[in-house]
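*Asks:* Before anything else, here's the structure in question.
Derivation of every value follows stated rules applied to the coordinates shown; laboratory data play no part. Source: prediction; values computed, not measured. Neighbour counts are summed over all protein chains in view; Cβ atoms, including those assigned to glycine, are modelled from backbone coordinates with ideal geometry.
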Amino acid sequence: MLWMVLFWEFAKVGLFCVGGGYASMPLIQACVVDDYHWLTLSEFIDVFTISQMTPGPIGINAATFAGMKVAGFPGSVAATLGFASPSFLLCLFVARLFARYGNIGRIRGVLNGLRPAVVALICAAGISFISLSLFGTEQFPLEAAAMKAGFDPKNTLILVLALIAARRKVNVIYILLGSGLFGVALGMMG
Amino acid sequence: MPDKDLPERGSHFYRALFCSTFLISAFTVGGGFVIIPLLKAKYVDEYGWLEDEETLNLVAVAQSMPGVVAVNAAILLGYRMAGIPGALTALFATILPPLITLSVISQAYDFFIQSPLVRLLLKGMQCGATALIVNVAVDLVYKQCKKKLALPLAILVGTFAANFFFGVNLMLLVVIDGILGLLLLCGPEYD
C-alpha cells in the first residue's frame, strides 16, 4: 500500500517542518530521495522548480507533485492530505485555546508583539517579490549594473497597472488573471 | 459550536468562502507570504468577515506552527469565521487547486516547462501578486504608523531589518517578538 506509506511520511514532514514551504523541501528530499529512493535527485529538483512556478502554497505543490511522481493520482492525494493533516489538528487545537484564553492580558501582550512582526514579514516578502518581478532576482540590494541588465519594463508596466487596480479595490482574482493575460499579450507583441 | 462568539453562517457564506479561497490558491504564484495578504484582502477588506487585528494575530500563530503557513492560516482563519466547518472549507479550498493543477501539469511536464506562453502567463501573474502584496503591506504599515505607538513600530522596523538585511531566521524573530510583547506590550493601549 504505497499510498499509505506516502500519507504517513508526508504527515511526518508536515509535523516537523516549521517556517513555511521552503523549510519543507529538505525534509521532503530526505524522505523521497534519500530514504525511499522514490525519486532521483534530478527528478526532485524538477519537483522543486514546478512547485515554485505553479500557483498555490509551495509545500503543498511539492507534496502533490512528489506524490504524483511516486504513485500517480492516489499518491498525490495521499501525500497532500498527509502533509496537511498535522497542521489541521494542531491548528484546530490552538484555535480552540485561542477562542477561550485569547483575552488574557499576557497572551494579548504576546500577540501585540507578533502583529508588527507579521507586518514586517509581509513587507520583506513584498520587496523580495518586487525585485524578482522587475529584475528577475531576489537578491537585494542589487548592484546598478545587474539592475540595469535585469530590468524588465513590461513586468514593471504590469505591476504598476495591477497596483492601481488594487488601490481601486478591483477584485483580487481579476487582478491576478488580468496580469497573467496581459503578460501573455505583451510577450506576444515582442 | 462550543465557542459562543462564532457567528451563524449560511450556505451562501460557505460558497463564498470556498470560491474565494479556491481561486486565490489557484492563481497565486509564490507560496505562503503571497497568499496570506490576498486572503486578508478578501476576508477582511472585501467581505468584512474578520477584523484587521485578529487576522494579523491568527497569521502570527499560523507562522509559528509546523506545516505550510498558507494552509495553517486558511485553517485558523476559517475556524475563526465559522468553526470546524469553516476550517474544513478553507483547508480544502486551499489544497484542491494545487492537486488539480499539478495532476494536469505532471501529465504534460515537458510541454509545461518549455512553453513560452505558460512562462509569460506565470510571470504576469507573479507581477500581479507582487502588486497585491505591496498594496496590503502599504495599508498595514500606514495603519501601524497612524497608531503612533513607538514600541510596536520599533518591533516592525527591527524585525524587517533583521529578516531582510541580516537574514535572521524567521522562527527566531517570531519568538523574540513574542517575548518582547509579553514583557513590554501588555498594556491596554497596545491592543
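*Asks:* Please give the FRET efficiency for A:Met189 paired with B:Val138, using the beta carbon to beta carbon distance and R0 = 25 Å, rounded to the nearest 0.05.
*Replies:* Step by step, r from the Cβ atoms, then E = 0.25.
*Asks:* Still on this structure, please answer the following. Quick one: among B:Ile84, B:Ile179, B:Ile133, which has the greatest mean-square fluctuation in a GNM of chain B with alpha-carbon springs under 10 angstrom?
*Replies:* Evaluated over chain B, the most mobile residue of the options is B:Ile179.
*Asks:* Are there DSSP H segments in chain A that both extend 24 Å or more along their axis (alpha-carbon positions) and score a mean Kyte-Doolittle hydropathy of at least -0.5? List them, or say none.
*Replies:* Length and hydropathy pass: A:58-101, A:105-135, A:172-189.
*Asks:* Also, quick follow-up: Explain nothing, just the number: dipole magnitude of the protein assembly as shown about its Cα centre with +1 on each Lys and Arg Cβ and -1 on each Asp and Glu Cβ, in debye rounded to the nearest 20.
*Replies:* 760
*Asks:* Region B:40-88: which GluC sites (Glu not before Pro) are DSSP loop and have at most 14 other beta-carbon atoms within 10 angstrom? Before the final figure, lay out the partial values.
*Replies:* Numbers: sites: B:Glu46, B:Glu51, B:Glu53, B:Glu54; in loops: B:Glu51.
Passing both the DSSP loop test and the Cβ count: B:Glu51.
*Asks:* While we're on this one: Using the Karplus curve 6.51 cos²θ - 1.76 cosθ + 1.60 with θ = phi - 60°, what ³J(HN,Hα) values do you get for each residue of region B:119-126, in whole Hz, with x for Gly and Pro?
*Replies:* 4, 4, 4, 5, 5, x, 5, 5
*Asks:* Next question, about the same structure. What are the ³J(HN,Hα) values, in whole Hz, obtained from phi via the Karplus relation 6.51 cos²θ - 1.76 cosθ + 1.60 with θ = phi - 60°, for each residue of region B:72-78 in sequence order, with x given for Gly and Pro?
*Replies:* 4, 4, 4, 5, 5, 5, x
*Asks:* Please work out the Cα convex hull volume for region A:119-190 and give it in Å³ per residue. Present the calculation step by step, with values, prior to reporting the outcome.
*Replies:* On the way: hull volume 6.9 nm³, N = 72.
Output value, Cα hull per residue: 96 Å³.
*Asks:* With Rg and the Kirkwood Rh both taken from Cα atoms, where does Rg over Rh land for the protein assembly as shown?
*Replies:* The Rg/Rh ratio comes out at 0.96.
*Asks:* Work out the FRET efficiency for A:Ala30 and B:Ala108 from their Cβ-Cβ distance, taking R0 = 25 Å, and round it to the nearest 0.05.
*Replies:* On the way: r = 29 Å, r/R0 = 1.15.
With R0 = 25 Å, the Cβ-Cβ based efficiency is 0.30.
*Asks:* Treat each spin label as a single point 7 Å out from the Cα along the C-beta direction, and report the B:Ile179 to A:Thr40 distance in nm.
*Replies:* 4.7
*Asks:* Ok, one more. Report, as an integer, the average count of C-beta atoms from other chains found within 10 Å of each Cβ along B:17-26.
*Replies:* Mean partner shielding for this stretch: 3.
*Asks:* To test your reading of the geometry: what angle, between 0 and 90 degrees and rounded to tens, separates the Cα axis of helix B:11-27 from the longest principal axis of chain B?
*Replies:* Orientation of helix B:11-27: about 70 degrees from the principal axis.
*Asks:* Taking every residue in A:28-38, how many Cβ atoms of other protein chains lie within 10 Å of its Cβ, on average?
*Replies:* Per residue, the average neighbour count from other chains is 0.
*Asks:* In this model, which of A:Lys148/B:Lys42; B:Lys40/B:Lys148; A:Lys148/B:Lys123; A:Lys69/B:Lys40 are farther than 27 Å apart at the alpha-carbon?
*Replies:* A:Lys148/B:Lys42; A:Lys69/B:Lys40
*Asks:* Additional query: Report the extension gain between A:Leu89 and A:Phe73 in nm, rounded to one decimal, defined as 0.36 nm multiplied by the number of residues separating them, less their alpha carbon distance.
*Replies:* Details: separation 16, 0.36 × 16 = 5.76 nm, distance 2.43 nm.
Contour length minus the Cα-Cα distance gives 3.3 nm.
*Asks:* Counting other beta carbons within 10 Å of each residue's own, what order do A:Ser131, A:Ser76 fall into, fewest first?
*Replies:* Working: A:Ser131 19, A:Ser76 26.
Final ranking by Cβ density, sparse to dense: A:Ser131, A:Ser76.
*Asks:* Still on this structure, please answer the following. What's the Kirkwood radius of region A:85-124 in Å, using all Cα pairs? Walk me through the numbers on the way to the answer.
*Replies:* Numbers: mean 1/r = 0.0868 Å⁻¹.
One decimal place: 11.5 Å for the Kirkwood radius.
*Asks:* Residue by residue through region B:45-56, which ³J(HN,Hα) values in whole Hz follow from phi under the Karplus form 6.51 cos²θ - 1.76 cosθ + 1.60 (θ = phi - 60°), with glycine and proline marked x?
*Replies:* 6, 8, 8, x, 6, 9, 8, 3, 4, 5, 5, 5
*Asks:* Where does helix B:150-164 land angle-wise versus the long Cα axis of chain B, in degrees 0 to 90, nearest 10?
*Replies:* Between the helix axis and the principal axis of chain B, the angle is about 40 degrees.
*Asks:* Given a Förster distance of 35 angstrom, what is the FRET efficiency for B:Phe165 paired with B:Cys145, based on the Cβ-Cβ distance and rounded to 0.05?
*Replies:* 0.95
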